[in-house]
1. Please find, among L327, L332, L249, L255, the residue that is part of a helix (DSSP H, G or I), open to solvent by less than 20 Å² (accessible area, probe 1.4 Å) and either touching a helix residue (DSSP H, G or I) at 6+ places or on another chain (Cβ under 7 Å) or among the acidic types (D, E) (or both).
2. Suppose we filter M168, M205 for residues that are at negative phi, without any contact (Cβ under 8 Å) to a residue 40 or more places away in the chain and assigned to a helix (DSSP H, G or I); which single one remains?
3. Restricting the search to segment 183-220, which residues are crowded, with 17+ Cβ neighbours inside 10 Å and aromatic (F, W, Y)?
4. If you scan segment 229-246, which residues turn out to be aliphatic (A, V, I, L, M) and buried (at least 23 other Cβ atoms within 10 Å of the Cβ)?
5. Assess whether R352 counts as being farther than 30 Å from L115 by Cα, charged (D, E, K, R), modelled with pLDDT of 90 or more and part of a helix (DSSP H, G or I).
6. How many of the residues in segment 357-395 are under 15 Å from F227 (Cα atoms), touching a residue at least 60 places away in the same chain (Cβ under 8 Å) and out of contact with any Lys or Arg (no Cβ under 9 Å at 6 or more places or on another chain)?
7. Determine which member of the set L228, L196 is in contact (Cβ under 8 Å) with a residue 24 or more places away in the chain, within 22 Å of V157 (Cβ to Cβ) and not β-branched (V, I, T).
8. For segment 206-241, how many residues meet the condition of being under 16 Å from E446 (Cβ atoms) and not hydroxyl-bearing (S, T, Y)?
Amino acid sequence: MTFTSWQFGVFVAVVFGAYYLPQLRAFQIQFVVVASLVFYGYGQPELLPLLAVAAFGTYLFLILALRNRAIWLPVGIAFNLALLAFFKYKFLFLDPAAPGLTGVAPIDFLLRLPLPVGISFFVFHNISLLVDLTRQKSAPPALTSVFLYIIFFPQLVSGPITRAEMFMPQIKPKYLADIPFVEAAKWIVAGFFFKLYVANNLNEMTSYMTFPLYETLQTQDRWLLVFLYSYQIYADFFGYSAIAIGLALLFGYRLPVNFNLPYIATSFSEFWTRWHISLSTWLRTYLYVPLGGNRHGVFRTYLNLMIVMGLGGLWHGAGLGYLMWGLLHGLLLVMERPMLSRLQSIDSAALRAARTSLVFVCVTMLWIFFKLPNFDHAIGYLSGMFTLGTNPNPPKLFYKLALLYSLPVIIQHLVPRALFERTLRGADPYLYGAMAALMVLEAGPETSFIYFQF
């Protein structure tokens, strides 16, 4: 069940209507847990046992770790990482085309289960739960509260990744009068607009980036599509995160903001404080700092950056392209670090503009390895950007439409929010009305959210 399907609209309406009934107020947590299980199991009910194993197992290790953190916290983390590795990386070592992977029917059945949607996100939630609650040495939470934190349906499959210490205190009775309806509606409308109007329409063009379709492209079209994909992936993931934040508000929970205009970053380190903020924060809190962060000298700091970014790349999938994407981002962070403080001390609008442009171009070029995780395909696409295309019948890409669909991302990043609010004061109803109209009338062909595959 995707956020953009009519089934999901009916699902949310029914769940929301029942959630605030006075008769169900004492059972709100249990009700949302059941609703989340229905949401997750819709279309793939065979994956519900896995979700139950992950949640029950994490709860068991949490109880044990609250008694003996030194022993059971590492075991609980290893349990969750083993689940992630089994489902996400098993075919690095096994041939999926083999008729009998092991010769043992029950094991082969497990190995051939599809990749569970959102497994990376709920595994990260599980680890946050174990680390945060055992650090606080608090009393064990109720099992239903643990389940709600792990499988809360707005954030279950693609985040934002919410730290346990932020979410758990919010678990309490909710009242209809407390809902910030306007704020929730703005997030939801903006999210659907960026997904349906921007990302889905751009996807029609960027689909030509896949192999072997990219071999039909002219050189200039390859360049165009890389930048269009940069806009598409932002619009797609920002759109999902915005919808999730708005839906959570309707049910009385506040999720962290996941994007803060990443394409105006003036450094690569700043980019990672603006892009997929919840993942960046998770990696810094639960990986970079435990590795030593920047507390053990320059070489160790650089090594930690490369490890964290490399693992962050592999987190997206078992492809060499994802690893290269992460490592190259790590290399850029290492290269800029010695000169960053000096650059930041220079107050020059021209220098800031140049730095922003450089960061945007580098980030955009690296999306090639993300779009094409097969390393040979990524290199093939990249090399074609620097050689003259000879195909006599290239596909016709409509540059005016490309600009039209990219414009919301460009405007959002380049027009200061304060100026926008000052010049269009009181125009919010018309602006969001226009976005609602465009997302209905000019929606692109249906495509799943890019981050659903992770």
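1. Details: L327 fails: open to solvent by less than 20 Å² (accessible area, probe 1.4 Å); L332 fails: open to solvent by less than 20 Å² (accessible area, probe 1.4 Å); L255 fails: part of a helix (DSSP H, G or I).
Matching residue, one of L327, L332, L249, L255: L249.
2. M168
3. Matches in segment 183-220: W187, F192, F193, F194, Y197, Y208, Y214.
4. A235, A242, I243, A244, I245
5. Values: farther than 30 Å from L115 by Cα: yes; charged (D, E, K, R): yes; modelled with pLDDT of 90 or more: yes; part of a helix (DSSP H, G or I): yes.
Yes.
6. 11
7. Details: L228 fails: within 22 Å of V157 (Cβ to Cβ).
Going through L228, L196 in turn, the sole match is L196.
8. From segment 206-241, those under 16 Å from E446 (Cβ atoms) are 206-207, 232, 235-236, 239-240; that's our starting set.
Adding the requirement that they be not hydroxyl-bearing (S, T, Y) leaves 232, 235-236, 239.
So the count comes out to 4.
The values are calculated or read from the model by the stated rules, or taken from the named source; none is laboratory data. Since we're looking at a predicted model, the values are computed, not measured. Backbone-built Cβ (ideal geometry, glycine too); neighbour counts: all protein chains shown. Side chains are part of the model used for accessible areas, which takes the heavy atoms of the whole protein and leaves out ligands, DNA and RNA. Shrake-Rupley method; radii C 1.70, N 1.55, O 1.52, S 1.80 Å.
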